[in-house]
Amino acid sequence: ALDVAHDLGRAILQNRAHEREQELMAELQRLDRYRAELVATVSHELKNPLGVIMGHVEMIESLPDLPAAARTSITAMTRGADRLSTVVDDLLMLSRMGNPDTPLERVRVDLAALVEEAADDESPAASAAGLTIRVAAYDAEVAGDPEELRRLVANLVSNAVKYSVAGGTVTAAAERRGDEVVLTVTDQGLGISEEDQRRLFTEFFRSTNPDALRRPGTGLGLAIVARIVARHEGRIDLDSALGRGTKVTVTLPA
Ligand code: ADP
């Protein structure tokens with residue numbers, strides 16, 4: 001009888017622990033939904049007034065006989081507003097993609113063309129930083145959302161350029177391997193410590209490395225990349241060592 005009572009007691013305790021775990025999970029999910037809604041609402045509410053500010057700054061800029069000091073202020077205001085606008089757009093994109101009701105467009109997209117495009121876009125920044133960009137992209141068609149995939153490639157190539165050091169080479173490649181398409185972006189730049197690698201894809205995370213922090217950014221780029229890859233049922237691998245460079249590999253179903 002003692003054994004039975006012991007087993008019964010244990011079963012009740014296990015059941016309680018299980019119920020508590022489920023309650024905690026439900027609470028976490030509720031908080032996560034709340035967080036997502038808050039971010040969506042705030043970014044939406046920021047968008048309109050920001051548009052008003054930018055419109056008026058542009059209007060003042062076009063006035064004749066503007067004093068030089070005012071022109072300097074206008075330039076600084078435009079730069080600030082542009083940065084803010086990028087953050088707001090990134091947040092809106094993240095919350096749109098985080099919403100399970102947002103449909104994913106599926107059309108044929110050639111990643112090779114997107115790689116070429118991203119390399120072209122980054123070439124002025126690359127030459128200014130003393131870098132070479134190499135492209136090795138062949139027929140690499142996937143079915144996906146053209147805007148999201150363009151963003152995926154652009155974010156990776158732009159990071160590779162931004163976190164490189166003079167004299168380095170950035171290599172962007174895309175090719176089909178069996179029933180998958182593999183995109184790799186490699187740089188010989190700052191690299192990422194093991195500790196930072198674990199948090200890299202979280203929103204607003206920026207490296208603790210002071211060299212990396214000196215370069216402008218919001219910490220949203222890789223969170224966007226991760227979300228896009230997940231929506232396309234792909235995977236992402238990171239191979240990086242501090243001071244030696246980084247290789248990001250994205251594999252998508254062809
Ligand atoms: P951002 O570049 O705007 O800071 P990201 O989300 O794109 O944001 O990247 C997060 C952080 O990861 C960056 O702040 C940087 O420290 C690090 N990082 C990303 N890509 C690279 C790279 N290719 N080489 C070194 N560090 C990188």
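Just so you know, all these numbers are worked out from the coordinates, no wet-lab data involved. Note that the coordinates shown come from a computational prediction; the quantities given were computed from them, not determined experimentally. Reconstructed Cβ throughout: ideal geometry from the backbone, glycine too, with neighbour counts over all protein chains shown.
Tabulated results
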{"read-out": "Shape call, the stretch 33-183: gyration tensor on alpha carbons, a/c limit 1.5", "value": "oblate"}
{"read-out": "Among LEU220, LEU31, LEU104: highest mean-square fluctuation, GNM of the chain, C-alpha pairs under 10 Å", "value": "LEU31"}
{"read-out": "Highest-fluctuation residue, ALA140, ALA160, ALA17 considered, GNM on the chain with Cα pairs under 10 Å", "value": "ALA17"}
{"read-out": "Extension reserve of the VAL39-LEU8 stretch, reckoned as 0.36 nm per residue once the Cα distance is removed", "value": "6.5 nm"}
{"read-out": "CD proxy at 222 nm, helix term only [per DSSP H run n ≥ 4: -39500 (n - 2.57); per residue of the chain; nearest 500]", "value": "-20000 deg cm²/dmol"}
{"read-out": "C-alpha center-to-center spacing [the stretch 137-204, the stretch 1-54] in angstrom", "value": "33 Å"}
{"read-out": "Extension gain from ARG71 to ASN209, taking 0.36 nm per residue of separation minus the Cα-Cα distance", "value": "46.2 nm"}
{"read-out": "Stretchable slack from ARG96 to ILE60, in nm (0.36 nm times residue separation minus alpha-carbon distance)", "value": "9.6 nm"}
{"read-out": "The chain: angle of helix 221-231 to the longest principal axis, Cα-based, in degrees nearest 10", "value": "50 degrees"}
{"read-out": "The chain, relative contact order [Cα under 8 Å, separation at least 6], %", "value": "16 percent"}
{"read-out": "Among PRO64, PRO210, PRO49, residue whose mean-square fluctuation peaks in a GNM of the chain (springs only between Cα atoms under 10 Å)", "value": "PRO64"}
{"read-out": "FRET efficiency estimate (nearest 0.05) - Cβ-Cβ, LYS47 to ARG20, R0 51 angstrom", "value": "0.80"}
{"read-out": "Selection from GLN22, LEU2, THR75 lying farthest towards where the dipole of the stretch 1-89 points positive, charges on Cβ", "value": "THR75"}
{"read-out": "Theoretical FRET efficiency, 1/(1+(r/R0)^6), r = Cβ-Cβ of SER85 and GLU180, R0 45 Å, to 0.05", "value": "0.80"}
{"read-out": "Degrees, to the nearest 10: 146-162 long Cα axis against longest axis of the chain", "value": "70 degrees"}
{"read-out": "Global form of the stretch 20-65, assessed from the alpha-carbon gyration tensor, a/c cut-off 1.5", "value": "prolate"}
{"read-out": "Long-range HN-HN contacts of ALA137 with modeled amide H, under 5 Å", "value": "ALA174"}
